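One structure is given here, and the rest of the page talks about it.
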Amino acid sequence: MPKKRRTKSSPSKSKTKKPRKKLYLTAVLEKENKGYLSLCPEFDITSKGKTPNQALDNLKQAVKHFLNHAPARQVKACIHNQILITRFETSYGT
């Protein structure tokens, strides 16, 4: 019967993970000809999709990608902290 090899168990390296930061962002969705456009005004990031849900999911993915890959100083420089969305009336033509 072959002998079983003993392997040394390495001590578990406990890396302390930084707590994940949460941001509450704005999504603006607009109907286009063949789908929807989505915008996150805090970072001026846009995406699109065939449905409102797909446009929102794609926007979340794009924002997450930016936040995970951009240097912290760029994220701080890009974020618009005070977003106000309103509607207004205007007239045009003659």
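Taking every C-alpha pair closer than 8 Å and separated by at least 6 residues, the mean separation divided by the residue count of the chain gives a relative contact order of 17 percent.
Over 23 Å between Cα atoms: which of Lys18/Lys60; Lys22/Lys50; Lys31/Lys60 fall into that group? From Lys18/Lys60; Lys22/Lys50; Lys31/Lys60, over 23 Å: Lys22/Lys50. Near Glu42, the amide H atoms lying under 5 Å from its own belong to Thr26; only residues 5 or more places off or on other chains count, and H is placed 1.01 Å from N. Taking label points 7 Å from Cα along the Cα-to-Cβ direction, His69 and Leu37 give a separation of 2.3 nm. Residues Thr16, Thr46, ranked from the fewest to the most other C-beta atoms within 10 Å, line up as Thr16, Thr46.
What is the helix-to-structure angle for 52-69, meaning the angle in degrees between its Cα long axis and the longest Cα principal axis of the chain, kept from 0 to 90 and rounded to the nearest 10? It is inclined by approximately 60 degrees. Packing order of peptides 81-89, 32-40, 63-71, highest average first: 32-40, 63-71, 81-89 (average count of other Cβ atoms within 10 Å over each peptide's residues).
Each value in this text was obtained by applying a stated rule to the coordinates, not by laboratory testing. Keep in mind it's a predicted model, so treat the numbers as computed, not measured. Cβ: placed from backbone, ideal geometry, glycine included. Neighbour counts: every protein chain shown.
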